[in-house]
Amino acid sequence: MKRLHVAAAVIMDGDKVFAAQRANGAFAGGWEFPGGKCEAGETPAQTLVRELQEEMSLDIAVTGEAVRVECPYPDFRLVMDCCPARIVSGVPVLREHSAFRWVSWQDADHVDWLPADRMAVQILKDRFIGRHENAETELHEDEEHTYPQG
């Protein structure tokens, strides 16, 4: 079975995490942590810096160690390195996604995540619930945002 290695940015702001809705392909409409395929010789952090700039015009910084999730799909096995991250600069310009939203870890179970991302949420939410309860947040948006693709 084909093995696909990707990196996913777990972008946090206070007690919320950034979720993006896929616009195209077999998984259109599903929600995910943004990211993409790791190229040969590229670390997950390098992948995320490149992919989020290309797909969303966001400059990010990876802020911690990756959590690896492996998820079987019908035609491939997905290996996804989920890296905690923060936005350094930019506002999302959606090129591969139709919408984004900030989701609290408490509400993350109510999002229609793609299978690997759902697995990641189950692993990650316990780690991050309460960690940022007293932190100031830069963004206070919890509604869904839809933008034309650019």
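In terms of accessible area, using a 1.4 Å probe and ignoring ligands and nucleic acids, Val88, Val17 rank largest first as Val88, Val17.
As a length-normalised measure over Cα pairs under 8 Å and 6 or more apart, the relative contact order of the range 1-129 settles at 33 percent. Using the Karplus relation 6.51 cos²θ - 1.76 cosθ + 1.60 with θ = phi - 60°, the per-residue 3J(HN,Hα) values for the range 85-90 come to 8, 9, 7, 8, 7, x Hz, with x marking Gly and Pro. Taking 7 Å steps out from each Cα toward its Cβ at Asp109 and Arg77 produces label points 2.9 nm apart. Ranking Phe76, Phe18 from most to least accessible surface, computed with a 1.4 Å probe over the protein chains only, gives Phe76, Phe18. When the surface is traced with a 1.4 Å probe over the full set of protein chains, Glu96 keeps roughly 90 Å² accessible. Scanning residues 5 or more positions from Ala99 or on other chains, those with amide H under 5 Å from its amide H are Gln21, with H placed 1.01 Å from N in the peptide plane. Across the range 15-26, rounded Karplus estimates of 3J(HN,Hα) from the backbone phi angles (6.51 cos²θ - 1.76 cosθ + 1.60, θ = phi - 60°) give 9, 10, 10, 7, 10, 10, 9, 5, 8, 9, x, 4 Hz, Gly and Pro being marked x. Sequence-distant contacts, meaning Cα pairs under 8 Å at least 6 residues apart, place the relative contact order of the range 7-83 at 30 percent.
In a reduced charge model with +1 at each Lys and Arg Cβ and -1 at each Asp and Glu Cβ, the range 1-84 shows a dipole moment near 320 debye about its Cα centre. In order along the range 117-127, the Karplus-derived 3J(HN,Hα) couplings, from 6.51 cos²θ - 1.76 cosθ + 1.60 at θ = phi - 60°, round to 5, 4, 4, 4, 4, 4, 6, 7, 4, 5, 5 Hz, and Gly and Pro are given as x.
The range 51-118 gives an Rg/Rh value of 0.98, both radii derived from C-alpha positions and Rh following Kirkwood. Taking label positions 7 Å along the Cα-Cβ direction at both Arg127 and Ser57, the computed distance is 3.1 nm, reported to one decimal.
The values are calculated or read from the model by the stated rules, or taken from the named source; none is laboratory data. In this text, all values refer to a predicted model and were calculated from it rather than measured experimentally. Ideal geometry is used to build each Cβ from the backbone, glycine not excepted, and the neighbour counts take in all protein chains shown. To get the accessible areas, we keep the full protein, side chains included, count just its heavy atoms, and leave off ligands, DNA and RNA. Shrake-Rupley method; radii C 1.70, N 1.55, O 1.52, S 1.80 Å.
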